[in-house]
Amino acid sequence: MKYLLITLMWAGYCLLHSFLISIRFTNLMARLLKNYYAFFRIFFVSFSIVLLIPLIGRESVIGWKFGSTRRFYLIGYCFSQHALQKNVSTK
């Protein structure tokens, strides 16, 4: 049951995150907010971070006991691998 809950939470986060950044929704917000569109981007980033924090902290629910140092190392490693792949694909 714990795994199902975690899976549903991550799926919900991913769906909401993808919807809020989709081209259709972004264009709608640009039309509605006009000169204040930059605030939508700030809201989107803030909202995404606020929703992501509880998900990252859920590893204790399924028995993963990462220390904070390892967690940040893991996040940094993922970003560095993404950057490396991006650099390799552009060459």
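The values are calculated or read from the model by the stated rules, or taken from the named source; none is laboratory data. In this text the structure is predicted, and so the values were computed from the model without any measurement. For neighbour counting, all protein chains shown are included, and Cβ atoms are generated from backbone atoms with ideal geometry for every residue, glycine included.
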Exercise for the section: Scan 61, 88 and give me the residue that is surrounded by 10 or more Cβ atoms within 10 Å (Cβ to Cβ) and modelled with pLDDT under 55. Expected result: 61
Exercise for the section: Report, by residue number, each residue of the stretch 1-25 that is in contact with a helix residue (DSSP H, G or I) (Cβ under 8 Å, 6 or more places away or on another chain) and under 18 Å from residue 44 (Cβ atoms). Expected result: 13, 16, 17, 19, 20, 21, 25
Problem - Subset of the stretch 26-41 [among the aliphatic types (A, V, I, L, M), modelled with pLDDT of 90 or more and farther than 15 Å from residue 16 by Cβ] - result: 28, 30, 32, 33
